[in-house]
Amino acid sequence: MSKKTSTQVKYLTVSAMLCALGVVILGLGAVIEVLDITVAVIASLLTVYAVIEIGGVYPWLIWIVTSTIALLLLPLKTPVLFYALLTGYYPILKQKIERRMARIPAWAIKMGVLTVSLLVIWGVMWLFAPALLETTGGWVMIAATLLLGVFAFVLYDLCLTRLITVYFVRWQKRFKIK
């Protein structure tokens, strides 16, 4: 077996394990309903690891496979919705945006991604549970979600940046794929 094939097998194996772990984590949010956004954020850390250690197309595949399997298997779809439509792919975009742009334009694009993602999440929820908008205040709730979402998203982005820094400084030697 060539070195290139051996490396690809390692990456594929690690990716499969990350997908399985991601589905299990999202499953916790389906069982304990108040943790739906929290587990989506925790599952996104698996994508962060894939971006750092594997790179290429593997993080995208991890996001797609984890989202698809969790959508098919889990009884409660809310954690999957947040993972599939925001937190699952965001670490990949964050890396690409921050490498190519200055700080202010990068934040503008990130806020645009957040706004579109939250509107799509609300649209999907409205499509499959229209009574939800009627009972929760409709457009007022959407506006409140966007405002609170921006605050939480900025906090998430800053914490993600710090966590990535800690990973490079302290943990990478332990968790590196050899």
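The values are calculated or read from the model by the stated rules, or taken from the named source; none is laboratory data. The structure presented is a predicted model; accordingly, all values stated were derived computationally and were not measured. With ideal geometry, Cβ positions are generated from the backbone for all residues, glycine too; neighbour counts draw on all protein chains shown. Accessible surface is based on the protein model in full, side chains and every heavy atom, while ligands, DNA and RNA are left aside. Shrake-Rupley method; radii C 1.70, N 1.55, O 1.52, S 1.80 Å.
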State the percentage of accessible surface on the stretch 48-178 attributable to carbon and sulfur atoms; use a 1.4 Å probe and exclude ligands, DNA and RNA.
74
May I ask for the Rg/Rh ratio of the chain, computed from Cα atoms with Rh as the Kirkwood radius, given to two decimals?
1.00
Can you give me the accessible area per residue for the stretch 1-150, using a 1.4 Å probe, in Å²?
56
Dipole magnitude of the stretch 1-152 about its Cα centre (Cβ charges: Lys, Arg +1; Asp, Glu -1), debye to nearest 20
780
Any helix of the chain counts here only if DSSP assigns it H throughout, its Cα atoms span 20 Å or more along the axis, and its mean Kyte-Doolittle hydropathy is at least -0.5, and such helices are 3-31, 36-53, 58-73, 103-128, 139-166
Quantify how much of the Cα-Cα distance distribution of the stretch 14-116 extends past 16 Å, in percent.
54
To the nearest 0.05, what FRET efficiency results for ILE177 and LEU127 with a Förster distance of 45 Å applied to their C-beta separation?
0.65
Potential lengthening between VAL24 and LEU72 on full extension [0.36 nm per residue; Cα-Cα distance subtracted]:
16.0 nm
In square angstrom, rounded to the nearest 10, how much accessible surface does PHE168 have for a 1.4 Å probe?
110
